[in-house]
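Worksheet: one structure, shown below.
The values are calculated or read from the model by the stated rules, or taken from the named source; none is laboratory data. All figures in this text were calculated on a predicted structure; none of them were measured in a lab. Backbone-built Cβ (ideal geometry, glycine too); neighbour counts: all protein chains shown. The area values use the complete protein model at the heavy-atom level, side chains included, leaving out ligands, DNA and RNA. Shrake-Rupley method; radii C 1.70, N 1.55, O 1.52, S 1.80 Å.
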Amino acid sequence: MSSATFLGMPPFPEAARSAVEDSRTRHNLHKATHTIRGKRDAVVGELGDDWQRLRAEGEAVKTHTLRHLDHYLEKLEESVRRAGGTVHWAADADEANAIVTRLVKQTGESEVVKVKSMATQEIELNNALEAAGITAYETDLAELIVQLGEDLPSHILVPAIHLGRAQIREIFLDKMAEWGVPAPEGLTDDPRALAEAARVHLRELFLRAKVAVSGANFAVADSGTLVVLESEGNGRMCLTLPETLISVVGIEKIVPTWSDLEVFMQLLPRSSTGERMNPYTSTWTGVTPGDGPQDFHLVLLDNGRTDVLADTVGRQALRCIRCSACLNICPVYERTGGHAYGSVYPGPIGAILTPQLKGMSSEADRALPYASSLCGACYDVCPVAIDIPEVLVHLREQVASTEAPLGEKALMAGAEAVFGSSTALDAAQRAAGVMRGAVPKHLPGLAGKWTDTRDIPDIPEESFRKWWNEREEGR
Amino acid sequence: MRIALFITCVNDTLFPDTGRAVVRLLERLGHEVVFPTGQTCCGQMHYNTGYRRPAARLAVRFVQTFEGADAVVVPSASCAAMIREHYPKLGRTGSRLSRRMADLGPRVYDLTEFLVDVLQVTDVGAYYPHKVVYHPTCHGLRFLGLGDRPYRLLRAVRGLELLELPGATECCGFGGTFAVKNGAVSAAMGFDKARHAVGTGAEVLCAVDNSCLMHIGGTLSRQRSGLRITHIAEILASTEKEYATT
């Protein structure tokens, strides 16, 4: 067992360059994203105009909650305590990992089963637990595949989206035995056979585990209820069978009431898996005597979120409900896959969330806001109307004002000088007209990134304005 | 009607034929076209790359140049979207500048919008005997919401056979400085767009944005595909009479 990490990966343009050349991954991604797109379009389309109303309501609930987050967080804490749970506050990943490690150690156990959770991926909880001698078993099928394969998640909803079933078969045959029940001999790559192998492998863990770790899709402030939506039933197993349940939840996951939750129960399944309703929705409120885990801990995670909240443009990223619709529609994600983004949050939402949560001190984080052609498809499908292109441009402004490459700064300054007066533009156009025969097919420097794969247009003899002025003079 | 033409820096410098076509078309439809010569660039490249202040300075120049116009026609959906969607955000909220920008915005039109919505014409009397595919560029499709306007204009062109472009709503991969900052991804997107277009058997690919067409066309030309690109204005300006002479 070794721990994979995104640390030290190359910046997006470099990682993306090798990713687009991987034809097997591109084939897998094209097929998967287009299938989910089709399903989403169908279940969103059937709602007609209601969809835009739901979307506006989802946006409004999240915006309101984030504006009064201090109030709702304290309310949630009070509700969870009243229901018999314990609430912990974690300012960053290290604090959250330390809290969870301590809680697991207190139980005397050395293993935990996990419900799929982005928050625990974000803080790399599994690595922290491993360092403390605790084994964390992922029980979501795709997370299991990634964990067994010593790989990294490449999608928020479908972490193993980059893998085809033949590759999954190999991973199962090769690795399951190291972790528990081995894959059956003669395992085929039939999806049913693969699911059955995972089911048998996991069943033993569910029945054995005394501690579970989860995240939550939503936390209802006024009742203290946590909510997980899932498809496989593994979450239900983890949330009900163990004696101790520890839930690590980002502070932005709050909704005020159950009637607010209703809006998201319609938005999330349709946007994520393209279903009217997901197969399993589990809700739990503190501790219920004689039923389910008798020891419940909620770890509320900041890890950069209050910094994001302070940015008036960027804060809309905190509305995200992790549905992945923006990944599935994104033409860039479709061609690079998730690993190129160097974060557990890939795709358009990752490009605005990661640099805001982590800050932009590294070249890799500064490259993310540029990992988009600003085509706007992500904004169109976002169920909580996050204007991702707007935030991308906003983050680019932060990069440009500090760490922009010199070549780019020179280009922008040069362009501004030319566009600063129509006389300068006219002069530049006339010079280009004179030089037109001497432009090589392959250009040096930044322009070479264009001519590597594309021809440049023929430069015309005269600009439009020259033609216009001559026409006016001739009248 | 007196129409102010904002040609855009890309068309002015690299695609003057598009500008000449717009003038020919609008004059043929009986309107007067003026070209305020102080115009340069809308500032979109600066804005999208994160250079907000130079973009704001270019926005001020644009507003000063076009403020008096009844209607400003732009043969580029992305520049029209820049002016309409982003200019009002460039001035300080509530400032005189942002009010002036918000005031001018509704009078700025992409060419196809202007024809269909303002002049209320879909049959512009054009003749273009070719198999054509239309690529709806992202700013036209998602930011301006051009919808079926370009298709209605093209379907009314005599001799033109409009073919369906698979994956039409997907970005071509140009994206301004994205084309060089993430050249490999941009090229991969461009290849797919080119492949879809070539697969239709069309002779000509048209769009409302020459910048996207420059990217797709550069890809098609490097592949020696034989498929040509042209701005929709050049198709709409073409007539039987003029066709014979060009």
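A few points about this structure:
- Peptide B:16-28 is shielded by partner chain Cβ atoms: per residue, an average of 2 of them sit within 10 Å of its Cβ.
- Angle in degrees between helix A:258-272 and the longest Cα principal axis of chain A, rounded to the nearest 10: 60
- Spatial separation of Cα centroids for the range A:106-164 and the range A:13-52, in angstrom: 24
- Total accessible surface hidden between A and B, rounded to 100 Å², 1.4 Å probe: 5300
- Altogether, the Stokes-Einstein calculation at 20 °C and 1.002 mPa s, with the Kirkwood radius of the protein assembly as shown over Cα pairs as Rh, returns a diffusion coefficient of 78 µm²/s.
- Short-range pairs are left out: with C-alpha atoms under 8 Å and at least six residues apart, the relative contact order of chain B is 20 percent.
- B:R149 contributes about 60 Å² of solvent-accessible surface, heavy atoms of the protein only, 1.4 Å probe.
- Label-to-label distance, nm, for residues given as A:S23 and A:R53 (7 Å Cα→Cβ offset): 5.0
- In the context of the full protein assembly, B:M82 retains an accessible surface of approximately 0 Å², using a probe radius of 1.4 Å and ignoring ligands and nucleic acids.
- Cα-projected label distance for A:T283 with B:T169, points at 7 Å along beta-carbon direction, nm: 3.3
- A viscosity of 1.002 mPa s and a temperature of 20 °C, combined with the Kirkwood radius over Cα pairs in Stokes-Einstein, give a translational diffusion coefficient for the range A:406-473 of 156 µm²/s.
- Once the Cβ-Cβ distance of A:H64 and A:A438 is raised to the sixth power relative to R0 = 51 Å, the FRET efficiency obtained is 0.25.
- Considering helices alone, the calculated mean residue ellipticity of chain A at 222 nm is -16000 deg cm²/dmol, with DSSP H runs of length four and up weighted by -39500 (n - 2.57) and normalised per residue.
- For B:D148, solvent-accessible area (1.4 Å; no DNA, RNA or ligand), Å²: 80
- For the range A:68-305, the share of DSSP beta bridges that are antiparallel, to the nearest 5, is 30%.
- The convex hull of the Cα atoms of the range B:2-118, projected and averaged over all directions, covers 6.8 nm².
- Angle between chain A longest axis and helix A:50-67 axis [Cα atoms, degrees, rounded to 10]: 80
- Gain upon complete extension [A:S421, A:T306; 0.36 nm per residue less C-alpha separation]: 37.0 nm
- Label point 7 Å beyond Cα of B:D123 along Cβ direction - residues of the range B:141-179 with amide nitrogen under 15 Å: B:152-160
- Here the range A:68-305 has 49 percent of its accessible surface on carbon and sulfur atoms, given a 1.4 Å probe and all protein chains in place.
- Under-5 Å amide H pairs with A:F218, H placed in peptide plane, nonlocal only: A:V227
- Where A:K175, B:K89 fall by accessible area, highest first, once all protein chains stay in place (1.4 Å): B:K89, A:K175
- Solvent-accessible area, 1.4 Å probe, carbon plus sulfur percent, for the range B:2-118: 48
- Angle in degrees between helix A:347-358 and the longest Cα principal axis of chain A, rounded to the nearest 10: 80
- Peptide ranges B:14-20, B:114-120 listed from the most packed, as the mean C-beta count within 10 angstrom indicates: B:14-20, B:114-120
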